[in-house]
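We did not get these values from a lab; they are worked out from the coordinates using the rules stated. Here the structure is a predicted model, which is why all the values come from computation and not from measurement. Every residue, glycine among them, receives a Cβ derived from its backbone with ideal geometry; neighbour counts consider all protein chains shown.
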Amino acid sequence: MDAASSRIALVSGGAKGIGAGIAARLARDGWRLVVADRDPAGGAPSGGRYVICDVGDEAAVAALLRSVAATEQRLDALICNAGYMIRKPIAELTLAEWSSMLTTNLTSAFLLVREAEALLRAANGAVVTIASSRARMSEPDTECYSASKGGLVALTHALAISLGPDVRVNCVSPGWILTKGPEPTEAEQAFHPAGRVGRPDDISGLVAFLVGPESLFITGAEFVVDGGVTRKMIYPE
């Protein structure tokens, strides 16, 4: 087995959207993939393995990493991508909804890294968390999502200090990435300084770099990939 094909990556929330794009890119680059998602209809790239798993569940995550240790016997990269949004006024947001979103979006990363630590240290591996530009800017009625993504940014630099120098930990914060729904309007495209909204490949390429050999001096960093929107000065018309 050559060096490229022996590299193992675990992607949480990899059944669709950005996570599926990351898994596909790493597979093209020669990685073997383990994709974890609670969607029973999901799958992994050719040659990879798909595990139905709620990564917010402590016992399920422990079982997942035991299976990686037993089956793949190593782990070189962990991409913590699982997440979802509930958007509603804070007065209508229940504690159960708040807790569920924080568990999936933030606590899952803690659980995955905790259980994967020994494997990652042994491989001098890398972790990439997928946060959001909403960690730094918000629309109305997104308190829980923004809080969870802000927590991921902070967790990232804390882990980088705790796990270094054996394991590097970085964060990617996407802006508008088109994974479903209608094509954006011309005005929505033009609103972005880059001239368009993002695509999953815009994120997966950066993730591939961050888990690869050319980023060995990068850890504890956050990369905002939003077409320049968070740097755009906006005045009322």
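Note on the chain: GNM, Cα springs under 10 Å; of Ser204, Ser146, Ser215, the largest mean-square fluctuation is that of Ser215. Against the chain, whose longest principal axis comes from its Cα atoms, helix 143-163 is set at around 40 degrees.
Taking amide H as placed 1.01 Å from N in the peptide plane, Arg49 has its amide H under 5 Å from the amide H of Leu33, Val34, Val35, each at least 5 places away in sequence or on another chain. Computed from backbone phi with θ = phi - 60° and the Karplus coefficients 6.51, -1.76 and 1.60, the 3J(HN,Hα) list for the stretch 122-138 is 4, 9, 6, x, 9, 10, 10, 9, 10, 9, 5, 4, 6, 5, 10, 8, 9 Hz; x is used for glycine and proline.
What the phi angles of the stretch 101-108 give under the Karplus curve with 6.51, -1.76 and 1.60, with θ = phi - 60°, is a coupling list of 5, 4, 5, 6, 7, 10, 4, 4 Hz, glycine and proline written as x. Along its three principal directions, the equivalent ellipsoid of the stretch 1-75 from the Cα gyration tensor extends over semi-axes of 19, 16, 8 Å, largest first. Sparse packing (at most 15 other Cβ atoms within 10 Å of the Cβ) combined with a DSSP loop state is found for the following GluC sites (Glu not before Pro) in the stretch 92-155: Glu92. Considering helices alone, the calculated mean residue ellipticity of the chain at 222 nm is -11500 deg cm²/dmol, with DSSP H runs of length four and up weighted by -39500 (n - 2.57) and normalised per residue.
In plain terms, the residue of Met137, Met233, Met101 with the fewest other Cβ atoms within 10 Å comes first and the most crowded comes last, giving Met233, Met137, Met101. Among the trypsin sites (Lys or Arg not before Pro) in the stretch 47-119, those located in a DSSP loop and surrounded by at most 16 other Cβ atoms within 10 Å of their own Cβ are Arg74, Arg87.
Each residue of the stretch 57-70 is assigned a 3J(HN,Hα), and the resulting list reads 9, 4, 5, 5, 5, 4, 5, 4, 6, 5, 5, 5, 4, 7 Hz, derived from the Karplus form 6.51 cos²θ - 1.76 cosθ + 1.60 (θ = phi - 60°), x at Gly and Pro. Among the listed options (1) 61; (2) 17; (3) 12, the one matching percent of Cα pairs over 32 Å apart as calculated from these coordinates is (2).
Full extension of the chain between Arg66 and Asp166 yields a length gain of 33.9 nm, computed as 0.36 nm times the residue separation minus the alpha carbon distance. Compared with the dominant principal axis of the Cα atoms in the chain, helix 200-210 is inclined by about 50°.
In loop segments of the stretch 164-208 as defined by DSSP, the trypsin sites (Lys or Arg not before Pro) with at most 10 further C-beta atoms inside 10 Å of their C-beta are Lys180.
For the stretch 93-237, the dipole from Cβ point charges (+1 on Lys and Arg, -1 on Asp and Glu) about the Cα centre works out to 320 debye, to the nearest 20.
Each of Leu95 and Thr230 was given a label point 7 Å from its Cα along the Cα-to-Cβ line. The distance between the two points is 3.2 nm.
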